[in-house]
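Report on the structure given below.
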Amino acid sequence: MSRLINATHDQSLRSWVESANQENTDFPIQNLPFGVFRPQGSAEPSRIGVAIGDQILDLSLCCEVGLFQELPQQLQVACAAPNLNQLMAMGSRASSALRDRLSNLLRSDKQNPSPEREILTPMSQAELLLPTNIGDYTDFYASIFHATNVGKLFRPDNPLLPNYKYVPIAYHGRASSIVTSGTSIKRPSGQRKDPSASTPSFEPSQSLDYEMEVGLFVGAGNELGQPIAIDKAEEHIFGLCLVNDWSARDLQAWEYQPLGPFLAKSFATTISPWVITLEALAPFRCGAFQRAEGDPLPLPYLSSPLDAQLGAIDITVEVLLRSAQMREQRMEPFRLSLASFKQMYWTLAQMLTHHSSNGCNLRPGDLLASGTVSGAEEGSQGCLLEITQRGSKSVKLPTGELRSFLLDGDEVFLRGYCEKEGYARVGFGECWGMVSYTK
C-alpha cells in the first residue's frame, strides 16, 4: 500500500493555505507530514498537527469542529491524542484514510472548512515537540560506503568485516536522550586516550561529530516471538524523519572495543519534528542498491522481488554548518555534503525485518535509524570523521576558519527532500542543533 501512487500525489493539487503552493516549500499538500506541537510559550498539552506550507493544521480542533466525523471513532480518538503513538499503532490503512481526508479538506476548491474556528497555527508561533513517546531506538550501519571509509581509518588492511554483506549491522541506542530539532547539544565528557599518552583521561570530547541519517518510526508493532516477513515489513513502517546521531569520536575510539558504541553516542540524538509518511514518498521509490558483482545475495529471509524493485527511496540529503563567526557576520550555512539515501546497502524493509527476525517485538513509536548516509562520490560523506579523514584534513569555511571536528557555537543543519519530474517536491524540514559553549 505504501508504494501505491494515488490522488493525494497529484502534482496539480493546490491548497487554500497559500504558503503550501509556493515553489520549493517542504510541505505542499502532497506531503502532509505529522508532528506534535503546542503554542509557543504556553503550558498547554501537546497536540497532533499536520504541516501545510508554513502552517500547522490542528487535528484536535478538526475533531472538535466535526471535520473528521466520517472517519472511524478510533481514528478520531487517535487524532486527539497528545502524541502519534496511537495513530501509529493503527497501521498504514488508518493513516492512509486520514491522509485522504486531510488532502480533501485542504484542497483549494474547498476553501477553509471551518472559518468560525481557527484550525491553523503558524509554525513561527508553535513549539515543535518529539512526535512520539520513543520506547526504543536502534541505529543501523546501512551504508557500505560509510562502513568502508570508516573501516579504512581504523583497519586499513581489513576495512570491511566479512559479516557486513550478510547482516544489517546495528547497535541499540539510548531513547531517553533523543531530542527534537533546535535543542542545544552539550559537549560530552568521557574517557579519551591520546595516542601519545600511557593512560586515558576524563575530559570534554575534542572530536565531536555529527552523522547524517534517516530514521523510520515503527507503526503497527509485532508480538514478542513473531518475526515480521520482509514482504510485510513496510506495513509496520509509519514514516521517516531526519536523524543526527551526534558522536564523540575520541571517546568512541577508546571505548568501542569489544562491545561497540556506548557513551560516545548516548549523550544526544537530534531528530527532525515532522514524520513523512511512506505513502507521501511513494512517487520517489526506486530499486534497491545494486550490489557489486561477486557480493553475496541477501539470505532468503531478507530477499523479496518487490523490495529489490522498489525498496529504496530517492531522498537527497545534505549537511550544512555555520560557525559562531559566520553567524555574527550573518552568513548563510556552508554545505559540507550532499548524498542520496537510495545508495544505502540495506533497505528499510531489510533493516526492520532483520531487527524482528529473532522474535524481537517492535512497538509503535520505536525509532530505527539508517546509520550515516554516505555515497561513493567526493562530497557525499555524511560525517566529519570521513570528510576530514579522522581529523587529518581540515574543512575550510567561507570565513577562513578550519574545522576537523565541531567547535563550541557551531550549528549543524540536516536537510532532506525528494524531487521527480511530474510530482510535487516533498521535503523533510530541518534537523538543527547547535553545540553549546562548554563551561
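Points worth noting:
- Residue match in region 131-144 (condition: over 20 Å from the mean Cα position of the chain (by Cα) and not acidic (D, E)): no
- Residue in region 343-361 that is without any contact (Cβ under 8 Å) to a residue 40 or more places away in the chain and not hydrophobic (A, V, I, L, M, F, W, C) present: no
- Any hit, region 57-80, residues being under 26 Å from the mean Cα position of the chain (by Cα) and part of a strand (DSSP E or B): yes
- Condition check for S46: of a type outside the set (A, V, I, L, M), more than 25 Å from L362 (Cα to Cα) and not assigned by TED's automatic domain parsing to the domain that holds L216: no
- For region 254-270, a residue qualifies if it is in a helix (DSSP H, G or I) and over 18 Å from I169 (Cβ atoms), and exactly one does: W254.
- Residue list for region 362-419, filter: surrounded by fewer than 24 Cβ atoms within 10 Å (Cβ to Cβ), hydroxyl-bearing (S, T, Y) and under 30 Å from I237 (Cβ atoms): S380, Y417
- Any chance G135 is of a type outside the set (A, V, I, L, M, F, W, C), free of Cβ contacts under 8 Å to residues at least 40 places away in the same chain and either under 30 Å from Q350 (Cα atoms) or surrounded by 15 or more Cβ atoms within 10 Å (Cβ to Cβ) (or both): no
Quick grid of which residues meet (1) closer than 23 Å to S247 by Cα; (2) over 19 Å from the mean Cα position of the chain (by Cα); (3) outside any strand (DSSP E or B); (4) of a type in the set (D, E, K, R):
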{"site": "E279", "(1), (2), (3), (4)": "no, no, yes, yes"}
{"site": "A292", "(1), (2), (3), (4)": "no, yes, yes, no"}
{"site": "A308", "(1), (2), (3), (4)": "no, yes, yes, no"}
{"site": "R327", "(1), (2), (3), (4)": "no, yes, yes, yes"}
{"site": "M331", "(1), (2), (3), (4)": "no, yes, yes, no"}
{"site": "L336", "(1), (2), (3), (4)": "yes, no, no, no"}
{"site": "W346", "(1), (2), (3), (4)": "yes, no, yes, no"}
{"site": "A349", "(1), (2), (3), (4)": "no, no, yes, no"}
{"site": "H354", "(1), (2), (3), (4)": "no, yes, yes, no"}
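- Total residues in region 378-388, condition in contact with a strand residue (DSSP E or B) (Cβ under 8 Å, 6 or more places away or on another chain) and either in a loop (DSSP other than H, G, I, E, B) or at pLDDT below 95 (or both): 6
- Evaluating F413 against the criteria (1) more than 29 Å from A253 (Cβ to Cβ); (2) out of contact with any helix residue (DSSP H, G or I) (no Cβ under 8 Å at 6 or more places or on another chain) leaves one unmet condition, (1).
- Residues in region 26-72 that are of a type in the set (D, E) and crowded, with 19+ Cβ neighbours inside 10 Å: D26, D58.
- Residues of region 389-439 that are within 20 Å of S189 (Cβ to Cβ), of a type in the set (D, E, K, R) and modelled with pLDDT under 95: K439 alone.
So that you can scan it fast, the table gives a plain yes or no per residue for (1) free of Cβ contacts under 8 Å to residues at least 24 places away in the same chain; (2) within 17 Å of S370 (Cβ to Cβ); (3) surrounded by fewer than 14 Cβ atoms within 10 Å (Cβ to Cβ):
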position	(1), (2), (3)
V275	no, yes, no
L281	no, yes, no
R285	no, yes, no
F289	no, yes, no
G294	yes, no, yes
L297	yes, no, yes
L302	no, yes, no
A308	yes, no, no
G311	no, yes, no
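- Test: residue in region 206-218 that is modelled with pLDDT of 95 or more, part of a loop (DSSP other than H, G, I, E, B) and more than 30 Å from D408 (Cα to Cα): no
- Restricting attention to region 218-236 and to residues that are aliphatic (A, V, I, L, M) and in contact with a helix residue (DSSP H, G or I) (Cβ under 9 Å, 6 or more places away or on another chain), the residue that is surrounded by the fewest Cβ atoms within 10 Å (Cβ to Cβ) turns out to be A229.
- Checking D139 against (1) assigned to a loop (DSSP other than H, G, I, E, B); (2) at pLDDT 95 or above, the condition it does not meet: (1)
- Meets criteria (surrounded by fewer than 19 Cβ atoms within 10 Å (Cβ to Cβ) and closer than 19 Å to F217 by Cβ) for A81: yes
- Flag if G427 is assigned by TED's automatic domain parsing to the domain that holds P159 and touching a strand residue (DSSP E or B) at 6+ places or on another chain (Cβ under 6 Å): yes
- Options S92, S96, S103; residue that is modelled with pLDDT under 95 and surrounded by 16 or more Cβ atoms within 10 Å (Cβ to Cβ): S92
- Every test in (1) over 19 Å from L208 (Cβ atoms); (2) touching a residue at least 60 places away in the same chain (Cβ under 8 Å); (3) part of a loop (DSSP other than H, G, I, E, B) is passed by L368 save one, and that test is (3).
- Members of region 182-217 that are surrounded by 21 or more Cβ atoms within 10 Å (Cβ to Cβ) and either of a type in the set (S, T, Y) or not assigned by TED's automatic domain parsing to the domain that holds Q257 (or both): S205, S207, Y210
- Test: residue in region 191-206 that is in contact (Cβ under 8 Å) with a residue 12 or more places away in the chain and within 30 Å of C360 (Cβ to Cβ): no
The values are calculated or read from the model by the stated rules, or taken from the named source; none is laboratory data. Quick caveat: nothing in here was measured; it's all calculated off a predicted structure. Backbone-built Cβ (ideal geometry, glycine too); neighbour counts: all protein chains shown.
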